[in-house]
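**Student:** Below you'll find the structure I mean.
The values are calculated or read from the model by the stated rules, or taken from the named source; none is laboratory data. Every value quoted in this text rests on a predicted model; they were computed, and no experiment measured them. Note that each Cβ is placed from the backbone with ideal geometry, even for glycine, and that neighbours are counted across all protein chains shown. Heads up: the accessible areas ignore ligands, DNA and RNA and are worked out on the full protein's heavy atoms, side chains in. Shrake-Rupley method; radii C 1.70, N 1.55, O 1.52, S 1.80 Å.
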Amino acid sequence: MSRMKETTVNVGVARVTFRLHGNDSLKGKRKIVKSLIERSRNRFPIAIAEVDDLDRYQRATLGIAVIGNDSRLLNAILDKVVEYMAGMGLADLESHHFEIIPL
């Protein structure tokens, strides 16, 4: 019986916070967040959801996750996702934090 080499599984996660200047309602916020999420999900192989600041209409915090075996690739994907979302012009990027977790 041959032994198979065990491959490391990495999970890349990001926490991204946007400032929604000029927005004055939760309804307006939902429209912006929905667009950020759907357009990013359609373009990249990620899981994404609003994770914090749910009742604040001028701030949105999104959590993003991606899985794979190459941590550099995962970091690059997360970088591209954040760059893409910031480039949409829907909201101002306030902060972001990445972490790669080996399993």
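**Student:** With respect to L54, is the statement that it is free of Cβ contacts under 8 Å to residues at least 24 places away in the same chain, within 18 Å of S95 (Cβ to Cβ) and open to solvent by 60 Å² or more (accessible area, probe 1.4 Å) true? Can you show your working first?
**Tutor:** Values: free of Cβ contacts under 8 Å to residues at least 24 places away in the same chain: yes; within 18 Å of S95 (Cβ to Cβ): yes; open to solvent by 60 Å² or more (accessible area, probe 1.4 Å): yes.
Criteria met by L54.
**Student:** For region 57-89, give me the residue count where each residue is among the basic types (K, R) and either touching a Leu at 6+ places or on another chain (Cβ under 9 Å) or surrounded by 17 or more Cβ atoms within 10 Å (Cβ to Cβ) (or both).
**Tutor:** Here is the first cut: in region 57-89, the ones among the basic types (K, R) are 59, 72, 80.
Narrowing further to those that are either touching a Leu at 6+ places or on another chain (Cβ under 9 Å) or surrounded by 17 or more Cβ atoms within 10 Å (Cβ to Cβ) (or both): 59.
Residues flagged as among the basic types (K, R) and either touching a Leu at 6+ places or on another chain (Cβ under 9 Å) or surrounded by 17 or more Cβ atoms within 10 Å (Cβ to Cβ) (or both) within region 57-89 amount to 1.
**Student:** For region 12-41, which positions are surrounded by fewer than 17 Cβ atoms within 10 Å (Cβ to Cβ) and under 14 Å from the mean Cα position of the chain (by Cα)? Talk me through it step by step, then tell me what you get.
**Tutor:** Keep residues of region 12-41 that are surrounded by fewer than 17 Cβ atoms within 10 Å (Cβ to Cβ), which gives 15, 19, 21-22, 24-28, 30-31, 34-35, 38-39, 41.
Within region 12-41, R15, K34, S35, E38, R39, R41 qualify.
**Student:** Could you grab me the full set of residues in region 17-37 that are over 16 Å from G87 (Cβ atoms) and charged (D, E, K, R)?
**Tutor:** D24, K27, K29, R30, K31, K34
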